[in-house]
Amino acid sequence: MLARTAVILLISLANLVSCGDIGAGANRDVHTALCAFVSMAGGTVEIPQVPSLAQADYDSIQTLNFSTSTDAWQSMFYSDAKRTEVHETDTKAKQEGKEYAEFWSDWTATATKAAAERSDSKSKITVEGAMDAVAKRLAHAKIAGIADEARKIKQRFTVLPPELGAITASTSAATLAKAAFGAKCVTSDTVTDSQPFGAANSGNRNTNCEPGTPNPKPISALGTLTCTCLKANANNPTGVCTEKADGGGTWQKNGGGVPSQADFRTLAKTCGSGKNKKITFQDIQQAISRLAGLLHTDETDGYLGAFVASGCTGSSGEGICVKVPGYYADSNKGVQKLQWVQQLGTLAGQLKQIEEKRQEAEEVNKILKSKAAAAQSAIEEAKATANTIKSSEARDTQQEKIEQRNKCTPQNKTPAECPSSHCTYNEKATDGNKCKPKVGSETTAAGTGRAVTNVESKMCSNKKNKRNANLRIANGKVKLARITVFL
């Protein structure tokens, strides 16, 4: 019984010791996270395409705004009576101090176009000559506000700074390759044994697997994989990452063999190929985030990969890992202490800025397009409203004539029945209507071109005033109380 108990105790003690060692599959999640960066090198970075400003839409708004403004306003921009020479600045136009300076270039550009139209009958860039004064006033009441909004919207549009404009698919591919393998224009088939660590490797694995200077250090994702996957020459569990990622088993703590070129290439190919894959800034950021989540600490330093004690020597009882010094005290930097992660983080940040600029530019252009359409609609609405006003005036004029004639209608057949104040009775009339409006008692109401009697002129004036009172302008729109108008 005692002998059996002793055997069980020895077995338990043996298991207790082995529980502290690093076993197969211990770094499989690290292998997956690091391989994401290696395979990215085979893909293509998508560079967001930032559109240019929708200048045509913006110009059309400013053109309509200028064209519908008053003659006095338009004349301000020209130095000659024929309106062919444009003042280059507000100072030359003697308009300084009126806060016109920031808008002057827009206004003069439109003034120049208007001058060109006046000299070229085929040009149709403004509305000059196409609208009467009433329609222009109605249109300008709305378009002036639209033009002001368009200027403010345009100010939101900014061009890419030079450092972002210089980023291309080619430069990004070079950054991915360097981060993956330690050098640009390198693949898993061409990587050499000195590139992943920035220099020819040494036998001291514990020193090499810690970021810093001088090289050799893990300056690439593949270099980091080497530290977390390749088995050592002693106390070397197999399949810590995968069976294919073990390497030759020669890299040890002090002196001796180092990883071979074949080891690096075989390890890189365990990550698979990212050929034809589109890489976005989100892909890079997510990969960095996953890697950062695998860091752990011994309350002083951080470790990527399995760690037991002493250091990243490759031994199953110590650590198959990359050491991040001072991680506990400065965990915000984390994997950013790895040089290659910093490079990718910078690229991802730049790509994100470009994408934000793209979205911003598209939104600005979308709004400008909408504003341009609204300005054009304002022109058509103003024309329709002006025509409605004219029709209303014409109907009122005709009605006044009818009312005047009706005062002297045929039913007034006797001198007593014929109103003497504005009619005259002609006994000799042969057309059957002896009661007629008095000859010479008609005059023309100012500005209308229609004839009314002196007696009725006040009545007509009152009617016109009443009609004008039915017109209201609110928020740049004409409201007709008596006439249905679609604005």
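Structure data summary
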| item | result |
| --- | --- |
| Single residue of region 138-183 satisfying the filter (basic (Lys, Arg) and over 26 Å from the mean Cα position of the chain (by Cα)) that is surrounded by the most Cβ atoms within 10 Å (Cβ to Cβ) | Lys142 |
| Criterion: surrounded by fewer than 22 Cβ atoms within 10 Å (Cβ to Cβ) and without any contact (Cβ under 8 Å) to a residue 60 or more places away in the chain - qualifying residue of Lys275, Lys244 | Lys244 |
| Residue ID - nearest to Ala169 (Cα to Cα), chosen from residues in region 327-344 that are buried (at least 18 other Cβ atoms within 10 Å of the Cβ) and touching a residue at least 40 places away in the same chain (Cβ under 8 Å) | Leu344 |
| Among the candidates Val308, Val341, Val335, Val364, residue that is at pLDDT 95 or above and more than 26 Å from Asp59 (Cβ to Cβ) | Val341 |
| Ser316, sole failed condition from (1) outside any loop (DSSP other than H, G, I, E, B); (2) crowded, with 22+ Cβ neighbours inside 10 Å | (1) |
| Enumeration of residues in region 32-60 that are out of contact with any Lys or Arg (no Cβ under 6 Å at 6 or more places or on another chain), outside any loop (DSSP other than H, G, I, E, B), surrounded by 13 or more Cβ atoms within 10 Å (Cβ to Cβ) and aliphatic (A, V, I, L, M) | Leu34, Ala36, Val38, Met40, Val45 |
| Qualifying helices (runs of 4 or more DSSP H) (wholly inside region 162-241; at least 2 residues being among the hydroxyl-bearing types (Ser, Thr, Tyr)) | 169-181, 221-229 |
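The values are calculated or read from the model by the stated rules, or taken from the named source; none is laboratory data. Because the structure is a prediction, the values reported are computed rather than measured. Note that each Cβ is placed from the backbone with ideal geometry, even for glycine, and that neighbours are counted across all protein chains shown.
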